[in-house]
Amino acid sequence: MIVILKQGITPQEKDKVRSFLSEKGFIVKEIVGQQDTVLGAVGKVSLDPRTVELMPGVSSVVPISKPYKLASREMKKEDTIVQVGNVKIGGNRVAVIAGPCAVENYDQIMSIAESVREAGAVMLRGGAFKPRTSPYAFQGLGEEGLKLLRKAGDAFDMPITSEVVSPSDVKMMAEYVDMFQIGARNMQNFELLKEVGKTGMPVLLKRGLAATIEEWLMAAEYLMASGTDQVVLCERGIRTFEKATRNTLDCSAIPVVQKLTHLPVIGDPSHATGIRDMVAPMSLAIVASGASGVIVEVHNCPEKAFSDGPQSLFPSQFKKLVHDIQALCPVVGKSLEKIPRVLPESMKTQEEEKKGATDFSAVTVAFQGVRGAFSELAARRSFDESVSFLPCHSFADAFDAVSSGKAKYGVLPVENTLGGTVYDTLDLLAMHPELTVVGEQQVRVMHNLIVVPGTKMEDIKKVYSHPQGIQQCRAFLDKELPNAERIPFFDTAGAVEYIAGLGDKSVAAIAGSPAAYYYGMEILRQGIETDASNYTRFYILAREENAEVYRSQSKADKAALSFSVSDEPGALMDVLKTIAEKGVNMTKLESRPIPGKPWEYLFFVELQLPEDMSKFDELAEEIMKKAVSFRILGTYTSVIG
Ligand code: PEP
Ligand code: MN
């Protein structure tokens with residue numbers, strides 16, 4: 001049962017309820033949600049809920065209808081975010097776990113770890129105990145394999161996961177792994193589940209070959225009832241009559257499971273298909289289905305792999321896959337999980353040393369707009385939940401906030417796929433040489449018709465939004481609300497705040513869904529933009545002294561530059577030619593007037609950083625010689641798409 005506590009419950013009252021339930025034989029867990037704090041009580045005992053309902057501090061008692069209790073959404077509305085080392089799985093993230101089927105030797109695991117980390121994996125997998133169909137097949141290196149996996153994880157700064165097959169190995173394995181893996185064949189090995197659950201450590205629970213979703217969730221319940229609440233579910237294909245693939249990937253299980261449980265679910269395209277060529281498309285299908293990540297087998301030399309070679313990706317294929325997943329993320333409203341790189345010692349302040357270099361708590365992030373703006377969404381995706389936000393009235397205010405140190409970072413739009421470049425950001429960047437671009441974030445702009453709760457289409461007489469919002473939803477407005485007056489507003493989320501203040505059913509606003517949530521409004525129509533490929537790209541800005549902490553999260557592969565050239569024939573051409581001659585790919589070129597210098601221009605360029613950074617340094621040096629002014633605006637990790 002779920003015991004919902006009153007907001008004003010005293011600690012003593014809470015203790016009383018808790019001890020009462022424990023004494024009756026229940027396992028009691030406290031869950032602090034956004035709205036309510038509840039005590040979840042599960043156990044074999046039966047108890048008249050009214051005896052609990054009458055206790056001081058208790059608001060109500062709700063029975064859980066499902067056979068799985070601790071794992072159910074009824075118990076906890078918010079998504080559980082499982083933390084494995086520095087990596088988070090769940091919520092709005094897509095985590096990519098990769099590695100070989102089995103650890104084979106030192107060189108193999110080191111080489112694979114290096115390449116998957118470089119490509120963007122956040123966790124390393126590798127079997128040391130392999131439950132093989134044949135007793136004559138390679139069974140894994142055992143503890144020796146775990147030692148090697150640990151070494152590789154530490155060397156490349158990734159938490160590790162490996163399969164546990166026997167309850168007697170649990171204690172030993174806990175010394176090495178950051179997350180246990182329960183294999184498909186052991187999903188209902190209840191003694192194993194209990195032993196692993198007792199450690200309280202994170203567990204990756206594969207779906208059994210012939211398990212129903214309910215059986216799978218009951219297995220999760222075993223783990224949770226034994227002591228861990230850190231469970232990640234993994235859909236890895238089920239047995240069907242189909243023989244074309246090794247198993248049948250049940251993508252539809254992903255949204256089903258997400259409805260039923262608060263636990264994160266990821267997918268394993270490798271064991272689901274058993275065929276290398278199917279791994280990338282099925283990975284994308286898993287992410288498109290709403291999963292919190294994928295676990296993929298990668299091998300440096302698949303043709304010689306001791307196990308599962310035919311389904312293992314080559315490192316280059318894996319790299320391409322991570323890029324594709326990253327491009328898909330904004331479509332499903334997620335961002336790719338990254339893990340911090342180790343900061344050079346000299347870059348760490350004492351405070352950071354204490355907290356861990358990329359702990360962003362107590363960090364303030366400035367953005368332009370009111371709460372619920374797309375910029376805030378971009379800011380949320382760029383940092384974890386611990387940061388606080390500073391909404392700024394204008395772009396200039398947001399730049400000033402970062403410049404003055406009021407905010408450590410700023411998130412400002414630089415380009416929209418339909419509206420083009422956001423000139424304000426480039427112009428202000430030119431005026432703030434003390435700021436640098438440290439990152440890039442991409443957000444899908446999905447517009448909604450937002451109204452006062454209870455409003456119907458026929459009530460609406462006026463629609464407020466930013467002119468771009470109105471423009472981008474013109475086809476919808478022409479068709480569905482041809483007679484409604486369209487009123488431009490300074491900001492999309494601001495328009496929602498405004499109509500919320502009016503509380504009038506004759507007005508509506510067009511904005512993103514976070515704005516509706518913030519201001520307690522209702523979404524009457526979702527996704528009303530004419531063109532669904534509507535994305536905005538944001539720069540993450542910082543003062544130089546805070547740049548490295550953000551940059552350290554991933555390897556930069558893009559640079560932004562600005563320069564001006566003398567007013568003579570071929571001057572611009574000369575700089576662009578240098579870029580071309582170095583074989584560097586230019587991805588954007590923009591020119592802006594220089595204030596106070598009529599008809600003179602500042603050029604903005606974005607480029608893909610070459611693998612060999614010395615080439616970029618040479619390029620920068622040459623441009624500096626040819627240009628009148630030159631500045632590296634920043635280097636950062638690209639968000640493709
Ligand atoms: C594995 O991940 O290596 C594995 C054996 O997976 P499954 O248990 O899903 O077959
Ligand atoms: Mn395998």
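The values are calculated or read from the model by the stated rules, or taken from the named source; none is laboratory data. Worth saying up front: this structure is predicted, and the values here are computed from it rather than measured. Cβ sites come from the backbone with ideal geometry, for glycine too, and all protein chains shown count toward neighbours. Please note that ligands, DNA and RNA were not included when accessible areas were found on the heavy atoms of the full protein model with its side chains. Shrake-Rupley method; radii C 1.70, N 1.55, O 1.52, S 1.80 Å.
Things worth noting here:
- Selection status of residue 141, open to solvent by less than 40 Å² (accessible area, probe 1.4 Å) and outside the structural domain of residue 639 (by TED's automatic domain parsing): no
- Remark: pairs (first residue in region 231-246, of a type in the set (Asp, Glu); second residue within 16 Å of ligand 2 (Cβ to nearest atom) and modelled with pLDDT of 95 or more; Cβ separation under 9 Å; 6+ apart in sequence or on different chains) = 235/206; 235/207; 235/249; 235/266; 235/267; 235/268; 235/272.
- Scoring residue 287 on the criteria (1) of a type in the set (A, V, I, L, M, F, W, C); (2) free of Cβ contacts under 8 Å to residues at least 40 places away in the same chain; (3) away from ligand 2 (no atom under 16 Å from the Cβ) leaves a single failure, condition (2).
- When each of 80, 51 is tested for being touching a residue at least 40 places away in the same chain (Cβ under 8 Å) and either open to solvent by 40 Å² or more (accessible area, probe 1.4 Å) or in contact with a Leu (Cβ under 6 Å, 6 or more places away or on another chain) (or both), the lone residue that passes is 80.
- Residue, farthest from the chain's Cα centre (by Cα), within region 135-171, restricted to residues that are within 16 Å of ligand 2 (Cβ to nearest atom) and of a type in the set (Gly, Ala, Ser): 137
- Here residue 116 does not fit the description of being more than 16 Å from ligand 1 (Cβ to nearest atom), outside any loop (DSSP other than H, G, I, E, B) and within 30 Å of residue 638 (Cβ to Cβ).
- Of note, residue 575 satisfies the criterion of being of a type outside the set (S, T, N, Q), more than 36 Å from the chain's Cα centre (by Cα), modelled with pLDDT of 95 or more and buried (at least 17 other Cβ atoms within 10 Å of the Cβ).
- Flag for residue 213 being within 26 Å of the chain's Cα centre (by Cα), away from ligand 2 (no atom under 16 Å from the Cβ) and either in the same structural domain as residue 242 (by TED's automatic domain parsing) or over 20 Å from residue 238 (Cα atoms) (or both): yes
- Taking the criterion of being of a type in the set (Gly, Ala, Ser) and without any contact (Cβ under 8 Å) to a residue 24 or more places away in the chain, the only residue of region 54-75 that qualifies is 65.
- Test: residue in region 179-198 that is more than 16 Å from ligand 1 (Cβ to nearest atom) and not in a helix (DSSP H, G or I): no
- Number of residues in region 70-101 that are in contact with a helix residue (DSSP H, G or I) (Cβ under 7 Å, 6 or more places away or on another chain) and either away from ligand 1 (no atom under 16 Å from the Cβ) or part of a strand (DSSP E or B) (or both): the value is 9.
- Flag if residue 549 is of a type in the set (A, V, I, L, M), within 26 Å of the chain's Cα centre (by Cα), farther than 22 Å from residue 369 by Cβ and assigned to a helix (DSSP H, G or I): yes
- Applying the criterion of being surrounded by fewer than 23 Cβ atoms within 10 Å (Cβ to Cβ) and under 13 Å from residue 158 (Cα atoms) to the residues of region 118-134, the residue that is nearest to ligand 2 (Cβ to nearest atom) is 119.
- Filtered by the rule that a residue be surrounded by 17 or more Cβ atoms within 10 Å (Cβ to Cβ) and assigned to a helix (DSSP H, G or I), region 578-589 gives 578, 579.
- Among residues of region 102-113 being away from ligand 1 (no atom under 16 Å from the Cβ) and not small (Gly, Ala, Ser), the one that is surrounded by the most Cβ atoms within 10 Å (Cβ to Cβ) is 110.
- Taken over region 561-572, the criterion of being loosely packed, with under 15 Cβ neighbours inside 10 Å and either outside the structural domain of residue 612 (by TED's automatic domain parsing) or among the hydroxyl-bearing types (Ser, Thr, Tyr) (or both) is satisfied by 566 alone.
- With respect to the stated conditions, residue 41 fails to be under 20 Å from the mean Cα position of the chain (by Cα), in a strand (DSSP E or B) and surrounded by 14 or more Cβ atoms within 10 Å (Cβ to Cβ).
- Breaking point among (1) under 25 Å from residue 29 (Cα atoms); (2) surrounded by fewer than 20 Cβ atoms within 10 Å (Cβ to Cβ); (3) more than 27 Å from the chain's Cα centre (by Cα), for residue 189: (2)
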